[in-house]
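Chemist: After the structure tokens below, expect a handful of questions from me.
The values are calculated or read from the model by the stated rules, or taken from the named source; none is laboratory data. Bear in mind the structure is a predicted one, so any value in this text is a computation, not a measurement. Cβ placement follows ideal geometry from the backbone for every residue including glycine, while neighbour counts extend to all protein chains displayed. Only protein heavy atoms, including side chains, enter the accessible area calculation; ligands, DNA and RNA are left aside. Shrake-Rupley method; radii C 1.70, N 1.55, O 1.52, S 1.80 Å.
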Amino acid sequence: MYENSGDIVELNIYVEAYLKHAGREEDSEEFRRELEIIYEKSSENDPGIAWKLSRTHRVEGVLLLNREENKCVLLAENQRAMGDLLRKIPENQEVIFYFEQKYQDMVSEYVCSTEDSELPCRLKGYKASMGRLIQGNGSLIPHIEILSKKHPVVAELKEYQSLNGRMKNEKFVVEGMRLVKRALADGLLVEKVIYIPQKAQEEDISQVMELCEKRKIMCCETTAGIMPSMTATNPVPEIICTVRMKIRSQKDIIFAGARNFFLILDGISNPDNLGIILRTADAAGISGVILLSNSVHFLNKNAVRGARGAMGKIPVFYSDNDEELFCKLSEKNFKVIGTSARFEAHSFYDIDYKSGNAAVVIGNESEGVRKEILARCTGYAKIPMAEGQSSLNIAVAAALMMYEYVRAESGLEVH
């Protein structure tokens, strides 16, 4: 049982609200009954019930796992929280999952189904990083050696060196011991780990092996002469891993009932800036980042590296139809704030974020937000600067705008 009494009060209120509003479709009656039973058991301090919370600046989701009955309930206030809970699911354990119907696609990304279900909010299956490649008897995926540049894993990693290869396979590569260990610990869908034993610290390798064994992830040992065939990074990293991540467009955005806040990037061209922005967005706890169709792709290698572990955690969407995106934001009554150093606008301190859903648009490094995009905004803001400066680096500007939203949401005063 989660012991912090303040959070339990907030969590109880959240779960009660969920029970009241979730699953209104006729075919989800079974889901609601199961949820009530599991919640009742969890309220009795049952040791067979495991709690896992999703929080940014407050509790936004809870995972309730009934170990005795192998049933798991995923309660998420928003898409970001749902992703967080899915990464916390115990792996390679067959469970019946219950969730809100709108998260069906997200759950299917993480959970391999083992039984057909007529209910859109119930799925029996297990989470496994390698998907259905895991051995059926649940035994450990073998530890293999890559001693030839003609090995299939080498060919696979060569394909991932190009953006088209990463997009086609919906995978990216994490490089370096710190980020590989973080990807494993954070529950990202790591498929395989490749390392050079002579170049890595024995303690680090032991920790990686322990995590891989626990999650049944394939480990591949290779040499300093073969690793450069699998990565173009210089100096050659001592360890890399491949991660599955579904590419989502604006059609895949799941809007929460309240407090939606998105950062929209128009024409961002520097992948290093994008990586920094994604890292900051993850830290700020915003709903997600949307890249308009003229922006660099988030699976760019430098963006992945610059995100420093945020890739696969912060929801990222690549718009393939900007017009459709802004129409959807309008339908959802979003306040869309355009930013420009050259545009007549109020100080960003004066934005009223508490009036509902909001999005902030940050423009290209040199040209700013396009005129046609500014025309779709409902308001405008600029960041005050001392005389002599007219603009900021877009990663810095994005950070200021996101954290001003965090400040406004928390009710802090600016003195």
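Chemist: Exactly one condition in (1) surrounded by 13 or more Cβ atoms within 10 Å (Cβ to Cβ); (2) farther than 26 Å from ARG80 by Cα; (3) of a type in the set (A, V, I, L, M, F, W, C); (4) at pLDDT below 90 is false for ILE383; which is it?
Modeler: (4)
Chemist: Of the conditions (1) open to solvent by 40 Å² or more (accessible area, probe 1.4 Å); (2) among the charged types (D, E, K, R); (3) more than 15 Å from the chain's Cα centre (by Cα), ARG279 satisfies every one except a single condition; which number is it?
Modeler: Unmet condition: (3).
Chemist: If you don't mind, there's one more thing I want to ask. Name the residue that is surrounded by the fewest Cβ atoms within 10 Å (Cβ to Cβ), counting only residues in the range 222-242 that are in contact with a helix residue (DSSP H, G or I) (Cβ under 6 Å, 6 or more places away or on another chain) and under 27 Å from GLY83 (Cβ atoms).
Modeler: Top of the filtered list is ILE239.
Chemist: Which of the strands (runs of 3 or more DSSP E) contained wholly in the range 32-106 include at least 1 residues that are modelled with pLDDT under 90 and open to solvent by 30 Å² or more (accessible area, probe 1.4 Å)?
Modeler: 49-55
Chemist: Next question, about the same structure. Could you list, in sequence order, all residues of the range 286-300 that are open to solvent by 20 Å² or more (accessible area, probe 1.4 Å) and under 14 Å from the mean Cα position of the chain (by Cα)?
Modeler: Within the range 286-300, just SER287 meets the criteria.
Chemist: Now a separate question. I'm trying to understand the selection: among the residues of the range 349-378, which are surrounded by fewer than 18 Cβ atoms within 10 Å (Cβ to Cβ), under 20 Å from LYS328 (Cα atoms) and not charged (D, E, K, R)?
Modeler: SER355, GLY356, ALA375, THR378
Chemist: Condition first: crowded, with 16+ Cβ neighbours inside 10 Å and either more than 16 Å from HIS143 (Cβ to Cβ) or among the basic types (Lys, Arg) (or both). Now tell me which residues in the range 187-198 satisfy that.
Modeler: Hits for the range 187-198 are GLY187, LEU188, LEU189, LYS192.
Chemist: Related question: For the range 303-319, does any single residue satisfy the condition of being touching a helix residue (DSSP H, G or I) at 6+ places or on another chain (Cβ under 6 Å) and in a strand (DSSP E or B)?
Modeler: Among the residues of the range 303-319, at least one is touching a helix residue (DSSP H, G or I) at 6+ places or on another chain (Cβ under 6 Å) and in a strand (DSSP E or B), which makes the answer yes.
Okay, residues lined up against (1) more than 19 Å from GLU156 (Cβ to Cβ); (2) not aliphatic (A, V, I, L, M):
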site: ARG178; (1), (2): yes, yes
site: GLU191; (1), (2): no, yes
site: GLN198; (1), (2): yes, yes
site: GLN201; (1), (2): yes, yes
site: ILE205; (1), (2): yes, no
site: VAL208; (1), (2): yes, no
site: ARG215; (1), (2): yes, yes
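Chemist: Shifting gears a bit: Among the numbered criteria (1) assigned to a loop (DSSP other than H, G, I, E, B); (2) hydrophobic (A, V, I, L, M, F, W, C); (3) open to solvent by 10 Å² or more (accessible area, probe 1.4 Å), which single criterion is violated by VAL396?
Modeler: For VAL396, the failing item is (1).
Chemist: On to the next question. Looking at the range 256-268, can you tell me whether even one residue there is in contact with a helix residue (DSSP H, G or I) (Cβ under 9 Å, 6 or more places away or on another chain), at pLDDT 95 or above, over 26 Å from ALA128 (Cα atoms) and open to solvent by 20 Å² or more (accessible area, probe 1.4 Å)?
Modeler: No, because not a single residue in the range 256-268 is in contact with a helix residue (DSSP H, G or I) (Cβ under 9 Å, 6 or more places away or on another chain), at pLDDT 95 or above, over 26 Å from ALA128 (Cα atoms) and open to solvent by 20 Å² or more (accessible area, probe 1.4 Å).
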